[in-house]
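Data first, discussion second: the structure below is written as structure tokens.
The values are calculated or read from the model by the stated rules, or taken from the named source; none is laboratory data. In this text the structure is predicted, and so the values were computed from the model without any measurement. For neighbour counting, all protein chains shown are included, and Cβ atoms are generated from backbone atoms with ideal geometry for every residue, glycine included.
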2 protein chains.
Amino acid sequence: MDQICGHELRSVSLKLTVESSGIDKYPAKAHAQRVADTLKLSEGLIALAGKASELWQDSDMPVPFRQDRYFSYMTGCNEPDCYVTYDVGKDLLTLWIPPFSQKKAVWGGQGSTVQEALEKYDVDEVRYITVEKEQQREMPYFCRHVSNWFRPSELTGPHCKGSVGSVSCPETVTAVPLKQAIDICRVVKDEHEIELIRKANSISAKAHTAILKALPGLTSEAEVHAVYVGTCIAHQAREQAYQPIVGSGPNAATLHYATNNESFGDRQTLLIDAGAEWNCYASDVTRTMPLNAKNPGHWQSKEAEDIYALVEEVQESCIRMLKPGTSFLSVHIGAQAITLSGLLSLGILQGDFIDVWNAGTVRAFFPHGLGHHIGLECHDVSGEPRPSQSSSPQSKSSDFFSNLQPPCTEATPELVPGNVVTIEPGIYFNSANLKLYLESQTHAKFFNKEVLERYSDVGGVRIEDCILITKFGHENLTTAPKGAAALRIIREAASL
Amino acid sequence: MDQICGHELRSVSLKLTVESSGIDKYPAKAHAQRVADTLKLSEGLIALAGKASELWQDSDMPVPFRQDRYFSYMTGCNEPDCYVTYDVGKDLLTLWIPPFSQKKAVWGGQGSTVQEALEKYDVDEVRYITVEKEQQREMPYFCRHVSNWFRPSELTGPHCKGSVGSVSCPETVTAVPLKQAIDICRVVKDEHEIELIRKANSISAKAHTAILKALPGLTSEAEVHAVYVGTCIAHQAREQAYQPIVGSGPNAATLHYATNNESFGDRQTLLIDAGAEWNCYASDVTRTMPLNAKNPGHWQSKEAEDIYALVEEVQESCIRMLKPGTSFLSVHIGAQAITLSGLLSLGILQGDFIDVWNAGTVRAFFPHGLGHHIGLECHDVSGEPRPSQSSSPQSKSSDFFSNLQPPCTEATPELVPGNVVTIEPGIYFNSANLKLYLESQTHAKFFNKEVLERYSDVGGVRIEDCILITKFGHENLTTAPKGAAALRIIREAASL
């Protein structure tokens, strides 16, 4: 009993909290330790700023809040205006939160109190930020851009107050090593992160299933979008991992179509690329289905059925290739090869496989990478620096893969257990893109324009799942129905 | 025919376009002229930057796009990365848009071409921005902060190129007069703007009605939120004017509650404050309804019914007061007086009316202003500078109205035809706010704690409509059912 008093008591009760409910907490402490290990640090202080709340310019409306993902990784805290410090030597993870405000409590928007934050987050201590407004404004810049660690002795007193301006960082240190270390950690997901991605996928699956069931009664992209978003919100997923894409017919051929406001008319296909977010973790799911008012759940044309079957074959083949040690680039190349082979079989492309392959003509139909890592970002870090986006059919065949993003690059490391990647092959009849290829001397000869014309109404088909790399292979985290199972749901709904 | 050639021909065809489809166009040209008139300018150039597209830090995900409202007012253009110039002397309104990009056409996100923009927007000419990247980055700063007009001769050549760095502005001119002039114009809505607000309200009404119809089958705030957002999206309203508030029981007492994720349990009331946006114009609608699983469409308690009836009486009285010449502050004072009178009648407050009034105790239950202008912003400009928000019960009775925002201030001009304001009285049993008053020597004696306790489960009630000031009175633009009509819809739905 002697020891259970004052500060010690609080420490003891904290440990108990962690042990009793800690299993459900985001493993922030383990992440901080992983990052320090990756940096090979035995002492020093890692400091990161969370996203600050802000208003739109000349407006009193808030910019939608989206937590900084590096801060998320180190805290699991999704509240604005916070900071985190990790004292490596002391193994002490501290969350700094804005002070309690009576006004906020009445008007709403009040974040956690210290006690609430201690209960919610897997951190050692929580403190109110008490630095002056002027210094707070300096802190994000300080934490993000000037220094990623400094000696704990430079934190004077219980608060940051007075220390911000006086801290000197080792001259050789910038924020870059910290960012790289967190990237390396983030690319391999732990059990907790996998469960969050699984939960996001599970809600997306409910929403995609709701679309299949409602489809016979829907007449526009906006209605599909509404069913999707409504289902996610009803299941407590307020945030989407990205802006949903709901494209019918030709709109399905615009990769990032987001207008989602046209009527189906007599269009043949509907592409929905939409994934919910759960506790800042993304899902990314694409389904393509037949539009057919007369015969719901059946493709209007053999051409649409052909293209769906081909993309389905590509996706299944690629997923089968996934296991530890696989090079993602090789899977991407495989996807392009199967796609090309299929397009030649259908007669849309013509000529010798090797000739067409070397010209890179398949990119007229499949202009993007096969997939990407997914986690705190929809397009998650790959452990490599993110190159600038670029996609041009004018690049020479020697540049065939040069415009692709990680993990579709030669530099990308082989897959390891804990990676989660999307596999999202597609075939698109995008008139603007096809025009460039049809006008090119290199490519024009490989097209059978008459056959191409017959297929152009298909618009676009993409199928996308999130795949976890496991110790011995892979697991598909996306449970939204596709293929024959999806068609059955539409048909059953139509028969009710 | 001699005159119909070259540049003249283009001008003629433009005029025809404006005449044929111009009636549906946002009246950008008229707005530009109004702004110049307000500035008493006969020459000079007004320049404004639209909102630039941007990504979240360390992410490839875009920050949700929200057009700058001053730019909206001068163009009606809701596309990113644009600029507008208005040459007052030449009466020439020019929209500057980002150049066409092949990549964007394939991937999506391509904005209008010059021809498309000319057809969509009520401007005299549309030009591609061809300034260098480096200069583009300077332009927003230049346009927004350094100068609001400069002499047209300083625009060299057909493009801005080369002129940005060299422009010198009259030393006395800053962006402030332009902003103030646009504010003065924005506060009086024209026919087109009124129709946009009416349309936003009409979609909100559909969504609020959908909630009433669905309510007997719903069990949580999230489900209500889902029905609301789904209905808006299905009717093509992708954007909300503000984050929807769906609060049950005690959550209805947190003014800006936005978690929207709790189950109803046995709570008595449901408050929904949610308004769709239409072409950047806001609606703002609040409805409060009974939660009652056993007897849908009926209040669970006399207390809840009392409070709803009182807020309804306040709202109806206030709306009746609205006409040209009315001071909004006097309506706000009227709302507080009727509220206080009602709270005294119910026995929640006690004492002499004047004593309680002078103490300002009514703000324990009604801590906010009665309403605000609405238009391009939910909390739209009032023609006055926007003060910083503050609300503290500690302010002395002499400061009774000092913490209120326009138009609930003495400085606010009288209402004129074309103003659109919200009328949103409310009564809240917010424990954090009430605690402050109950602990205050000034206020505590006016409370009957026993009666207050009986009412605390009511949570909160607010009723809000958007009211247009017309030439001879007012028109309620909000068509969402309320009061007895709303209860009837719930009862009918429950009986199906």
Criterion first (of a type in the set (A, V, I, L, M, F, W, C), modelled with pLDDT of 80 or more and over 27 Å from the mean Cα position of the chain (by Cα)) does residue B:84 satisfy it?
no
Test of understanding: among A:449, A:435, A:471, which residue is more than 16 Å from residue A:312 (Cα to Cα), within 14 Å of chain B (Cβ to nearest Cβ) and out of contact with any Ser or Thr (no Cβ under 8 Å at 6 or more places or on another chain)?
A:435
Of B:284, B:266, which residue is closer than 28 Å to residue B:241 by Cα and not in a helix (DSSP H, G or I)?
B:284
Residues located in the range B:370-412, provided they are more than 11 Å from every other protein chain (Cβ to nearest Cβ), at pLDDT 95 or above and part of a loop (DSSP other than H, G, I, E, B):
B:370, B:371, B:374, B:375
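Regarding the range A:56-69, can at least one residue be identified that is more than 23 Å from the chain's Cα centre (by Cα), surrounded by fewer than 20 Cβ atoms within 10 Å (Cβ to Cβ), within 13 Å of chain B (Cβ to nearest Cβ) and more than 28 Å from residue B:252 (Cα to Cα)?
Yes, the range A:56-69 contains a residue that is more than 23 Å from the chain's Cα centre (by Cα), surrounded by fewer than 20 Cβ atoms within 10 Å (Cβ to Cβ), within 13 Å of chain B (Cβ to nearest Cβ) and more than 28 Å from residue B:252 (Cα to Cα).
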Answer residue from the range B:180-223, given it is under 30 Å from residue B:37 (Cα atoms) and touching a Ser or Thr at 6+ places or on another chain (Cβ under 7 Å) and is surrounded by the most Cβ atoms within 10 Å (Cβ to Cβ) among those
B:200
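The rows are residues; the columns are (1) in a loop (DSSP other than H, G, I, E, B); (2) of a type in the set (Ser, Thr, Tyr); (3) at pLDDT 95 or above.
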{"position": "B:226", "(1), (2), (3)": "no, no, yes"}
{"position": "B:229", "(1), (2), (3)": "no, no, yes"}
{"position": "B:236", "(1), (2), (3)": "yes, no, yes"}
{"position": "B:251", "(1), (2), (3)": "no, no, yes"}
{"position": "B:256", "(1), (2), (3)": "yes, no, no"}
{"position": "B:272", "(1), (2), (3)": "no, no, yes"}
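Name the residue, out of B:179, B:189, that is in a loop (DSSP other than H, G, I, E, B), of a type in the set (Lys, Arg) and modelled with pLDDT of 50 or more.
B:189
Only one of A:273, A:306 is closer than 27 Å to residue A:442 by Cα and either within 14 Å of chain B (Cβ to nearest Cβ) or out of contact with any strand residue (DSSP E or B) (no Cβ under 9 Å at 6 or more places or on another chain) (or both); which?
That would be A:306, the only listed residue that is closer than 27 Å to residue A:442 by Cα and either within 14 Å of chain B (Cβ to nearest Cβ) or out of contact with any strand residue (DSSP E or B) (no Cβ under 9 Å at 6 or more places or on another chain) (or both).
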Identify, please: which residue in the range A:41-55 is part of a loop (DSSP other than H, G, I, E, B) and out of contact with any helix residue (DSSP H, G or I) (no Cβ under 9 Å at 6 or more places or on another chain) and is, among those, farthest from the other protein chains (Cβ to nearest Cβ)?
A:53
Selection over the range A:407-441 where residues are without any contact (Cβ under 8 Å) to a residue 60 or more places away in the chain and within 24 Å of residue A:329 (Cα to Cα) yields a count of 2
Where residue B:77 falls short, out of the listed (1) under 23 Å from residue B:242 (Cβ atoms); (2) touching a residue at least 12 places away in the same chain (Cβ under 8 Å); (3) surrounded by fewer than 19 Cβ atoms within 10 Å (Cβ to Cβ)
(3)
I'm trying to understand the selection: among the residues of the range A:78-110, which are hydroxyl-bearing (Ser, Thr, Tyr) and either part of a loop (DSSP other than H, G, I, E, B) or farther than 16 Å from residue A:125 by Cβ (or both)?
A:101
Subset of the range A:80-94 that is touching a residue at least 60 places away in the same chain (Cβ under 8 Å) and touching a Phe, Trp or Tyr at 6+ places or on another chain (Cβ under 6 Å) - its residue that is farthest from the other protein chains (Cβ to nearest Cβ)
A:93
From B:233, B:245, which residue is under 17 Å from residue A:237 (Cα atoms), free of Cβ contacts under 8 Å to residues at least 60 places away in the same chain and within 17 Å of the chain's Cα centre (by Cα)?
B:245
Which of the residues belonging to the range A:244-254 are farther than 22 Å from residue A:293 by Cα and either more than 8 Å from every other protein chain (Cβ to nearest Cβ) or surrounded by fewer than 20 Cβ atoms within 10 Å (Cβ to Cβ) (or both)?
A:244
Does residue B:235 satisfy the criteria of being within 11 Å of another protein chain (Cβ to nearest Cβ), touching a helix residue (DSSP H, G or I) at 6+ places or on another chain (Cβ under 6 Å) and crowded, with 21+ Cβ neighbours inside 10 Å?
no
Taking the range A:281-301 and keeping residues hydrophobic (A, V, I, L, M, F, W, C) and under 29 Å from residue A:190 (Cβ atoms) leaves A:282, A:285
Under 6 Å between Cβ atoms, at least 6 apart or on separate chains: pull out the pairs that start in the range A:210-226 with a residue that is free of Cβ contacts under 8 Å to residues at least 24 places away in the same chain and more than 10 Å from every other protein chain (Cβ to nearest Cβ) and end on any residue that is aromatic (Phe, Trp, Tyr) and part of a helix (DSSP H, G or I).
none
For the range B:123-133, state whether one or more residues are crowded, with 16+ Cβ neighbours inside 10 Å, at pLDDT below 85 and either more than 14 Å from chain A (Cβ to nearest Cβ) or not in a helix (DSSP H, G or I) (or both).
yes
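State all residues of the range B:95-122 that are free of Cβ contacts under 8 Å to residues at least 24 places away in the same chain and more than 14 Å from chain A (Cβ to nearest Cβ); if no residue qualifies, say none.
Correct list: B:114, B:115.
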For residues in the range A:255-270 being polar (S, T, N, Q) and surrounded by fewer than 19 Cβ atoms within 10 Å (Cβ to Cβ), which is farthest from the other protein chains (Cβ to nearest Cβ)?
A:263
So, residue B:274, is that one free of Cβ contacts under 8 Å to residues at least 12 places away in the same chain, touching a helix residue (DSSP H, G or I) at 6+ places or on another chain (Cβ under 9 Å) and closer than 26 Å to residue B:202 by Cα or not?
no
Tell me, please, whether a residue that is closer than 30 Å to residue B:243 by Cβ and buried (at least 21 other Cβ atoms within 10 Å of the Cβ) can be found in the range B:347-359.
no
